[in-house]
Amino acid sequence: MPLGLLKYGRGSDYPFERQPDLPGPRELKKHYDVVIIGGGGHGVATAYYLAKYHGITNVAVLEKAYLGGGNTARNTAVIRSNYLTPEGVRFYSASVKLYENLANEFDFNIMYSQRGQLTLAHTDATVRAFRQRAEVNKHFGGRTEMIDRQSIAELVPCLNLDPAQLPVLAGLWHQDGATARHDAVAWGYARGATQRGVELHQLTEVTGIESAAGQVTGVVTNRGKIACGTVIQAVAGHSAVMSQKAGFPLPIVAYPLQAMVTLPVKPFLNPLVSSSALHCYVQQTSRGEIVIGGGSDPYPLYNSRASLPLKESLIASAVDMFPFLSEMRLLRQWAGITDMTADYSPIMGLSPLKNYYLDAGWGTWGFKATPICGKTMAELVASGGEVPTLIQPFTLERFDHFQQVNEMGATAASH
Amino acid sequence: MSPSRLEHPFGQLIDRDTPVTFEFEGETVQGYAGDNVASALIGEGRWLMSRSFKYHRPRGPLSLAGHDANTLIQTPTAANRLAEDLMAKDQGTLSGQNYLGSLKFDYYSLLDRLGRFLPVGFYYRAFFKPRGMWRFWENVIRNAAGLGVANLEATPRYTDKQYLFCDVAVIGAGPAGLNAALTAATGGAEVLLVDEQELLGGALTYHRFTLEDDSRAQTLKALSNAVANHDKIRVLTGATCNAWFSDHYLPVFQGDRLYKVRAKTCVLATGSSEQPVVFRNNDLPGIVLCSGLERLMMHHGVCPEGPAVILAGNDDAYLTAITAAEAGLSIAGVVDLRSEPDDLALPAALSELGITLYQSATVYEAHSDKSGAQLGAVTIYPIESEGKVGVTPTHLECRLLAMSAGFMPAYQLACHGGAKLAYHDDKSEFTLTELPEGMHLAGSVNSTHDLKAVCADGRNAGRGALRALALETDNDETVQCERHVNHPWPIFKHPKGREFVDFDEDLQIKDIINSARLGYRDIQLVKRYSTVGMGPSQGRHSALTTARLIADATERTVTETGVTTARPPVKPESLGVLAGRRFHPIKKTPMDQRHLALGAHMIPAGSWRRPAFYGALDHRAANIAAEAHAVRNGVGMIDVSTLGGIELRGPDAAEFMNRIYTYGFLKQPVGKTRYAALANEQGVIIDDGVAARLAEDHFYVTATTTGVDRVYSEMLRWNAQWRLDLDIAQVTSAYSAVNVAGPFSRDVLEQAGCNIELSSESFPYLACREGMVAGIPARLMRVGFVGELGFELHVPSLMAQTLWDKLMVAGEPFNIKPFGVETQRLLRLEKGHIIIGQDTDGMSHPGEVGLAWAINRKKAFFVGRRSVDILMSQPLKRQLVGFTLSPSAPKPEEGHLVLRDGDIVGTVTSCEYSPTLAKVIGLAYVHPDDAQPDSEVTIRTADGVCVQAPIATLPFYDPGNARQQL
Ligand SMILES: Cc1cc2nc3c(=O)[nH]c(=O)nc-3n(C[C@H](O)[C@H](O)[C@H](O)COP(=O)(O)OP(=O)(O)OC[C@H]3O[C@@H](n4cnc5c(N)ncnc54)[C@H](O)[C@@H]3O)c2cc1C
């Protein structure tokens, strides 16, 4: 048992922590230098880095429900950097680097678990694409390689190498692939931010954006109006809805994305395994549950209901990959609303409004980017609108100029 | 000797004439047919069934309905099966779960002693310091996690699925559901009645509603007979409706079958979950809910060993005590949390049976017997004020404790549909509101508890369903139920803790409260921080207590606090049943058998399979080289049936072609083919093929094997807007095709017999003709993907195998050799032809890949025109070019990177050794400044070795294109 736990043995009923992780509710002020809309991981991470690196603490994070209750709470926590484009890989690699040290930085265990991610190729077209991803990832210092059937069998002995008439040809083995306790990431950031003076307001919904002469002057909430210097929207699934309130459209379509989990069993699966052809990924959490996820629902919808057809097809694929899962029991199924862009890359940076910044288009892949988004968005705010190099490729304007950063193939099956 | 059981009317489910045995923890257990594993074990006096998730505490059944996680046990094939859901019969050795050593002596139970060092969320506070330690601790934690052990050798069993349709789905066949079903069916609706019990009647089969207990048996008999005999009611018992999905789409699991029910409207008569009292050691085996004890006796005839204590938060518990006493169970006392029952006749009834009654008192602590794994005694204290006890204890020896703190509506299905829970302080009860359209509630899920009221409520729900179906019905009855079944605060904190709120996750009162104190105030955050409600029973027995505790700790109302979102499924469900039978159809061309006979190495191509080459895999290179040699020097033939085929026919066919594809088609002469490239609205090339104009109003177009479905649906989508006058038909499977290629291809066709003049003059390159080949009607196209004289023959699929055979015979004098798709890829690469999807990616525009010629300059519109124009007017960012390397250089593989000054500028898309040219050739994206034939590019090959590759002019082979024109 780690010594750190000994202090809890005093038998006190009360938590030993000197102060709560999260402060209780309080009144809204009339004015903040920075208002962040959305108390998901991205929102609180931005607040954290603003306070920590830039000394900007007159900041309010406004969250319509509860901290991290949007996609932060629903995602399957895959963290990886084995994307396809140099722009993407450079960006996500920087996020992975931040994640690796996050628990110690927070003094709060986010249970960062680097178990590696294995993606299966069933066609030679995929083998080619994977080889390219491995090469690009290595180029930026990531640990990714192509492995053959033999090595796959050694890595995951219980995997069916010939599922659904689609024999596995090779695998993309990404040693840096990881998961983290998703809620803890949001809590860690919120805790660090509020300890430094940032205000987190839950149950506070932004219902309107006030602007004049191309500039935001304030936000309207269910608890009253707030004047502000800079606004960041980080509302994930509701990105296009929020930008409409600010007066401009975003090229984003919202699709539900579902995931599911089984009853816990003793550990048998260490790496995260996903199949490109079956559009399914399977991983075992530190509680022993098997998490199963895959593709989005087939049609756009602003509703996070779960559905039967998706469950049936996803489970069928999971059973194809691991036949013995057929004897296991499904515990829970849920969905989130994801903000999809045409090129499967985010939209970050400036907007048509001068002091209104965007952190949107996170679709099915944004959890892994939480730290780097927070860091770069904070830099953007602190510099008064100078877009950090790392996120320049993700500008909203790229869609006008045919400068897309296409990550579709590298995102499809494994987020 | 068979275990003794209670006489009739107890034990409705068991067959006393059929004893059964099974193995549990290496010992033989006896029971009767109809027993489940839990009832049989308790019948033998064994309560210990498993170990808890976190502290490895001994656990036995709580609900005896399969509604809690205490009875998750291990079977030879599966982990985490509920003992109540497993029939008692020989099924290999069953065992408890989550222990090291034995179920009785679990070494991990040490964790229970260390519990105070492990406060709620302890894992967030430790294990990561000093840096790097986490790697070690993570493994320790992972290995301690999980409940049962998955059998990795298990294979899917046969399971199946069926669709069912009905007007009204009634979920729950208790008194409310039976009445609802009868009312709806009598009113003319088709009814499906579903219940998870084997018996109809729900609580009527085990619960005593009144002291006299006079009308219950009769009511049950009358209702179940009426239902069973009604021809508009279909009954599914032993069947769990596990979710409510939009529009009343209901998955019902019955054994290894999944019914997918489409109902027009539904009635939820799902009852309620009895709630435990929260006190120290309330999780000891031998402590059950009152309904659990009732089920044991009434369903299985099991009268557990006493003495028993009954802990009552309502009148119902008194009735349990009375039933039990009548069955012969010795009752050490009834402890009522209240000062007196609502029905003042109850105390007298108890004393008549000689049962001691303790009022305004609670069981404050339970103690185990010597074994440490079974209830041995309880300490009772008077209650002073809410949750606080006095000073004078009473000690009672007992082996059984049955409790009822009240009920929580079985809210799950309603909440899947978006219903909300509101708390009523006067009754201390949650009720459901904001039901989705077409959903009706009846019975205790609707907070109605009195039997008469429940029945009336059921009939009203049936009427509601009839109205929703626009069927006639009479007026609703007034339903009144004044009964209070919930105690407002059945929660007793103990200085030493271990008062479990959530049995699944081993959470005590302080864990819940401390979550809120740490700032996790929202009920959802409490859940996420403490894990309350995350376990297998999904908060069924903890949500109410948690809401009360958090409301209290955060000074909000219970309604404001609420419960966490209920997600499907209601009960853990089988992945095997969800997956269903697995069908993996694969498309085979008519020549498939021939390929196999020729020893082809088959590979998947979209949903098809096709030959990669002929011969053994370990002679791949040689086989491909031999096939390529045949095509270049003699003649070869390839089955190209998987190519997509689309027919466009009608007055506007040419106009449609002209809009959808990038090239011009209006003036395409009949009898000619044209290359047809398809762009999307972003200007990216997404597919290509050959368009043959067979008549003024008739085009036959090919598309790529994997792309045709998308091309076809895009065509339909566009024409839904354009409304041009033509028919579009996918004929991929109707036609099969063979490409005969090589200098002798004309001779082979002539040999086979062909009524078309094949000379270059009358059938020139890129022409198409219709005629007979070897007696088979065929569409012929002179196209040259592989760069030789060649004919592509498209014939009705029925005749394709005959064509193949006849061509093989006709080709014999010319040593015709079938070739596969990999050989074709090599040959086309030699010719510099790109493959869409291999040499292009999701961003490739025509200018980058040398397809500028395939863009019509003049026409105003085609799909993607605007984007293509913008893209092609911008400076190129990359360009697809050919390169060569000597065979001795490290061979780049497809996917390797092209670097320039250390930066990634492109990638190799195709690369092969060309036996014809005796060098390595390839296509790659390079920086536009390096795209000229005199430049060189750097390619990083395997293991980081860089090679300098000179850029080549395309095509590599036969630059003058003389051969395909022959
Ligand atoms: C099922 C599922 C699985 C996923 N798996 C992965 C994965 O494995 N790996 C990965 O990297 N990504 C994954 N994702 C994607 C990832 O979850 C998201 O991209 C990411 O969480 C977005 O982060 P966020 O903090 O910006 O969003 P959120 O956590 O959604 O935060 C946005 C917040 O904004 C709030 N909000 C919205 N409107 C308003 C308003 N008007 N006023 C105030 N507040 C508002 C919302 O309540 C919400 O809390 C998955 C997503 C889903 C749904």
Within the protein assembly as shown: Cβ-based charge dipole about Cα centre, in debye rounded to nearest 20 (Lys, Arg +1; Asp, Glu -1) = 2780 debye
When the Cα centres of the stretch B:717-759 and the stretch B:75-90 are compared, how far apart do they sit, in Å?
-> 60 Å
Compute the length gained on full extension between residue B:472 and residue B:860: take 0.36 nm times their separation in residues and subtract their Cα-Cα distance, giving the result in nm to one decimal.
-> 133.5 nm
Which whole-Hz couplings ³J(HN,Hα) result when phi for each residue of the stretch B:780-789 is put into the Karplus expression 6.51 cos²θ - 1.76 cosθ + 1.60, θ = phi - 60°, listed in order with x for Gly and Pro?
-> 10, 10, 9, 10, x, 4, 8, x, 10, 3
Using a 1.4 Å probe on protein heavy atoms only, how many Å² of accessible area do B and A hide from each other, summed over both chains and rounded to 100?
-> 9400 Å²
Multiply the residue gap between residue B:716 and residue B:352 by 0.36 nm, knock off their C-alpha separation, and tell me the result in nm, one decimal place.
-> 122.9 nm
Give me the net charge of residue B:247's neighbourhood, meaning all other residues with Cβ under 13 Å from the Cβ of residue B:247; Lys, Arg count +1, Asp, Glu -1.
-> +3
Long-range HN-HN contacts of residue A:181 with modeled amide H, under 5 Å | A:111, A:112
What is the spin-label model distance, in nm, from residue B:877 to residue B:394 if the labels are put 7 Å beyond Cα along the C-beta direction?
-> 8.2 nm
Have a look at the stretch B:515-546 and report residues whose accessible surface goes down by 50 Å² or more when the remaining protein chains are included, against the chain on its own, probe 1.4 Å, ligands and DNA/RNA excluded.
-> B:517, B:518, B:520, B:525, B:528, B:534
Taking a spot 7 Å from the Cα of residue B:135 along the direction of its beta carbon, which residues of the stretch A:157-187 have an amide N less than 20 Å from it?
-> A:173-181
The protein assembly as shown, convex hull of Cα, quarter of hull surface, nm² -> 55.1 nm²
For the protein assembly as shown, with all protein chains present and a 1.4 Å probe, just round the carbon and sulfur fraction of the accessible area to a whole percent.
-> 51 percent
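How well do other chains shield peptide B:865-872, expressed as the mean number of their Cβ atoms within 10 Å of each residue Cβ?
Averaged over the peptide's residues, the number is 1.
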What ranking do B:282-292, B:188-198, B:363-373, B:27-37 get when scored by the average of other Cβ atoms within 10 Å per residue, highest first?
-> B:282-292, B:188-198, B:27-37, B:363-373
Lys/Arg Cβ at +1, Asp/Glu Cβ at -1, dipole of the stretch B:278-336 taken about the Cα centre: which of B:313, B:278, B:332 is farthest positive-ward?
-> B:278
Would you list which lysines come within 26 Å of residue A:97, measuring only between C-alpha atoms, while excluding same-chain residues fewer than 8 positions from it?
-> A:52, A:138, A:368, A:375, B:129
Peptide A:107-116, shielding by other chains (average Cβ, 10 Å cutoff) = 4
Which net charge results when you count Lys and Arg as +1 and Asp and Glu as -1 among the other residues whose beta-carbon is under 13 Å from that of residue B:860?
-> +4
Between residue B:226 and residue B:948, the FRET efficiency computed from the C-beta separation at R0 = 60 Å comes out, to the nearest 0.05, as 0.10
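Quantify how strongly other chains surround peptide B:133-139 by giving the mean number of their Cβ atoms within 10 Å of each of its Cβ atoms.
Averaged over the peptide's residues, the number is 4.
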When the solvent-accessible surface of protein heavy atoms is calculated with a 1.4 angstrom probe, in what order do A:339, B:901, B:697 fall, highest first?
-> B:901, B:697, A:339
Taking the dipole of chain B about the Cα centre (Lys, Arg +1; Asp, Glu -1; charges at Cβ), the one of B:445, B:514, B:145 that reaches farthest to the positive side is B:145
Mean Cβ count within 10 Å, highest first, over the residues of peptides B:215-226, B:652-663, B:842-853 = B:652-663, B:842-853, B:215-226
With springs connecting C-alpha atoms under 10 Å apart, model chain A as a Gaussian network and identify which of A:46, A:76, A:389 has the largest mean-square fluctuation.
-> A:389
Once A:228, B:946 are ranked on solvent-accessible area with the largest value leading and a 1.4 Å probe, the list reads B:946, A:228
Please work out the Cα center distance from the stretch B:568-592 to the stretch A:206-236, rounded to the nearest Å.
-> 49 Å
For the stretch B:706-844, the dipole about the Cα centre with charges only on Cβ (Lys and Arg +1, Asp and Glu -1), to the nearest 20 debye, works out at 140 debye
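Provide the net charge surrounding residue A:255, with neighbours chosen by a C-beta distance below 10 Å and charges set as Lys +1, Arg +1, Asp -1, Glu -1. Mind showing how you got there, number by number?
Working: positive: none; negative: A:297, A:339.
Residues near residue A:255 contribute -2 overall.
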Bounding extents of the stretch A:131-244 in its principal axis frame from Cα atoms, largest first in Å, are 62, 33, 32
Listed by chain and number, the residues whose amide H is under 5 Å from that of residue B:429, excluding neighbours fewer than 5 places away on the same chain and using placed H, are B:424
Give, as ranges by residue number, the residues of the stretch B:702-719 whose backbone N falls under 20 Å from the point 7 Å along Cα→Cβ of residue B:666.
-> B:719
Förster radius 35 Å - calculated FRET efficiency between residue B:655 and residue B:262 (Cβ-Cβ, nearest 0.05) | 0.25
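Kindly report the accessible area of the stretch B:720-793 per residue (heavy atoms of protein chains, probe 1.4 Å, no ligands, DNA or RNA), in Å². Display every interim value, and only then the final one.
Numbers: 2790 Å² over 74 residues.
Computed with neighbouring chains in place, this is 38 Å² per residue.
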Work from the charge dipole of the stretch B:811-878 (Cβ charges, +1 for Lys and Arg, -1 for Asp and Glu, about the Cα centre) and give the residue of B:840, B:816, B:867 farthest towards its positive end.
-> B:867
Theoretical gain in end-to-end length, residue B:370 to residue B:581 [0.36 nm per residue, Cα-Cα removed] = 71.0 nm
For chain B, calculate the relative contact order in percent as a whole number, restricting contacts to Cα pairs under 8 Å that are 6 or more residues apart.
-> 9 percent
Per DSSP, loop trypsin sites (Lys or Arg not before Pro) in the stretch B:724-807 with at most 15 further Cβ within 10 Å = none
For every helix of n ≥ 4 consecutive DSSP H residues, a contribution of -39,500 (n - 2.57) applies; sum these over chain B, divide by its total residues, and give [θ] at 222 nm rounded to the nearest 500 deg cm²/dmol.
-> -7000 deg cm²/dmol
Where in the stretch A:203-217 is the amide nitrogen less than 18 Å from a point lying 7 Å along the Cα-to-Cβ axis of residue B:556?
-> A:203-206
Between Rg and the Kirkwood Rh of the stretch B:126-183, both from Cα atoms, what is the Rg to Rh ratio?
-> 1.42
Does any residue of the stretch A:286-301 lose at least 10 Å² of accessible area with all protein chains in place compared with its chain alone, and if so which ones (probe 1.4 Å)?
-> A:286, A:287
Work out which residues of the stretch B:231-276 lose at minimum 50 square angstrom of accessible surface when the other protein chains are put back, relative to the chain isolated, with a 1.4 angstrom probe, and list them by number.
-> B:245
Give, to the nearest whole percent, the P(r) tail of chain B beyond 38 angstrom, counting all Cα pairs.
-> 60 percent
Magnitude of the Cβ-charge dipole of the stretch B:180-304, K/R +1 and D/E -1, about the Cα centre, nearest 20 debye?
-> 280 debye
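What relative contact order, as a whole-number percentage, does the stretch A:43-149 give when Cα pairs under 8 Å and 6 or more residues apart are counted?
24 percent
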Please work out the Cα center distance from the stretch B:316-363 to the stretch B:661-698, rounded to the nearest Å.
-> 87 Å
To the nearest 0.05, what FRET efficiency results for residue A:30 and residue B:596 with a Förster distance of 60 Å applied to their C-beta separation?
-> 0.15
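The values are calculated or read from the model by the stated rules, or taken from the named source; none is laboratory data. Please read all numbers here as calculations on a predicted model, not as lab measurements. Note that each Cβ is placed from the backbone with ideal geometry, even for glycine, and that neighbours are counted across all protein chains shown. Calculation scope for accessible area: heavy atoms of the full protein, side chains included, ligands and nucleic acids excluded. Shrake-Rupley method; radii C 1.70, N 1.55, O 1.52, S 1.80 Å.
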